[in-house]
Amino acid sequence: MAIQIDIEEREAVLVEDAHVRPAMGLEILEPLPSRRIPYRVVDPFILVHEGVVRITREQASLETKHQHRGFDNLWYAISGSSSTGHSTGPGGAMERARLEPGSLLKLRTGSGVWHAEGIGRDELEEGREGTEMRGILFWVNLARKDKGVEPSAQVLQPQDVPVRHEGAAIVRTLVGEGSPVELGTPGLVLDVELSRGGSFTSPIPSEFNAFVYLLEGEAGFGANRRRASRSQIAVLGPGAALTVEDATPGTRFVLMAGKPYGETPVFNGPFVD
């Protein structure tokens, strides 16, 4: 006799638009942080930005180099390519990373790192002026005991991202089973694409906080099938699974989930102590 185990579906408890803010000469969509979303319900995720980098000489010449410390900084290329520099080489030397469509750059800022030197410089040298890269950037906190670790960089190439097909969904695992990218706490980051629309279900460990951010389209999220659309964040309540229903064709979203630290970060601009 088969034993059926019911998995409690999470509900979408809050849906809101990303707001626009200027950063490094760009207009950025910022779903997190948000005045309406307490950090405790998205812990360990601190910040989420989406933006388009246009490869121009003006952009590459901007003084965008800045410092970070105390968290993991991840930049995911949705489309197009771009390049950037960061001080994770021997003795703090600057080294560069190229992000092609589907690449993920992880900087563990730890005790302190310089970041974002010469955005798009490599593409300009190759004669690719005028192209664009659309990406999503997110910060994930480190435990207070780990904030002084040595900075490091890791690039996950598109061919190394685990990809699976579940019904109508294409699921890319940026963080989670099969991916070499690890956060300071157990986590799950999925890029889910429903080109024909339809539905999708994913287990999420019940001890994780979780939310989704819509890159394209519209769908009903959670047990309450709450609608969310392009550039909106949907915060999920407790449970062990996410169900997505009635997605419009072309819907694409990022599911971000992680085990919270339960610590209160001290925010000081680019530093998280």
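The values are calculated or read from the model by the stated rules, or taken from the named source; none is laboratory data. From a predicted model like this one, the values you see are computed outputs, not experimental measurements. So basically every Cβ, Gly included, is an ideal-geometry build from the backbone, and we count neighbours across all protein chains shown. Surface areas here come from the heavy atoms of the whole protein model, side chains and all, with no ligands, DNA or RNA. Shrake-Rupley method; radii C 1.70, N 1.55, O 1.52, S 1.80 Å.
When a 1.4 Å probe is rolled over the protein heavy atoms, the share of accessible surface on the stretch 86-174 that falls to carbon and sulfur comes to 49 percent. Computed over protein heavy atoms with a 1.4 Å probe, the accessible surface of the chain works out to 44 Å² per residue.
Highest-first packing order for the peptide set 176-182, 66-72, 191-197 is 66-72, 191-197, 176-182, based on the mean count of other beta carbon atoms within 10 Å. Full extension of the chain between VAL149 and SER231 gives 26.1 nm of extra length, using 0.36 nm per residue less the Cα-Cα distance.
Projected label points at GLU263 and ARG98, each 7 Å from Cα along the beta carbon direction, are separated by 3.7 nanometres.
For the listed peptides 40-49, 84-93, a ranking on the average number of other beta carbons within 10 Å per residue, highest first, reads 40-49, 84-93. Taking Cα centre as origin and charging only the Cβ of basic (Lys, Arg, +1) and acidic (Asp, Glu, -1) residues, the dipole magnitude of the chain rounds to 380 debye.
Can you compute the charge dipole magnitude of the stretch 116-232 about its Cα centre, using +1 on each Lys and Arg Cβ and -1 on each Asp and Glu Cβ, nothing else charged? Give it in debye, rounded to the nearest 20.
Working: 13 positive and 18 negative charges, 156 e Å.
Charge dipole, the stretch 116-232, about its Cα centre: 740 debye, nearest 20.
DSSP finds beta bridges in the chain, and of those with both partners inside it, around 100 percent are antiparallel.
For the stretch 70-150, the dipole from Cβ point charges (+1 on Lys and Arg, -1 on Asp and Glu) about the Cα centre works out to 480 debye, to the nearest 20. Placing a label point 7 Å from the Cα of ALA240 along the Cα-to-Cβ direction, the residues of the stretch 9-41 whose backbone N falls under 13 Å of that point are 9-10.
One Cα centroid belongs to the stretch 114-169, the other to the stretch 208-222; the line between them spans 21 Å. Note on GLN159 and GLU129: the extension gain reaches 8.3 nm, defined as 0.36 nm multiplied by sequence separation minus the Cα-Cα distance.
In plain terms, if you count all Cα to Cα distances in the stretch 139-192 and split them into 5 Å steps from zero, the share in each step is 4, 17, 23, 22, 16, 9, 5, 3, 1 percent.
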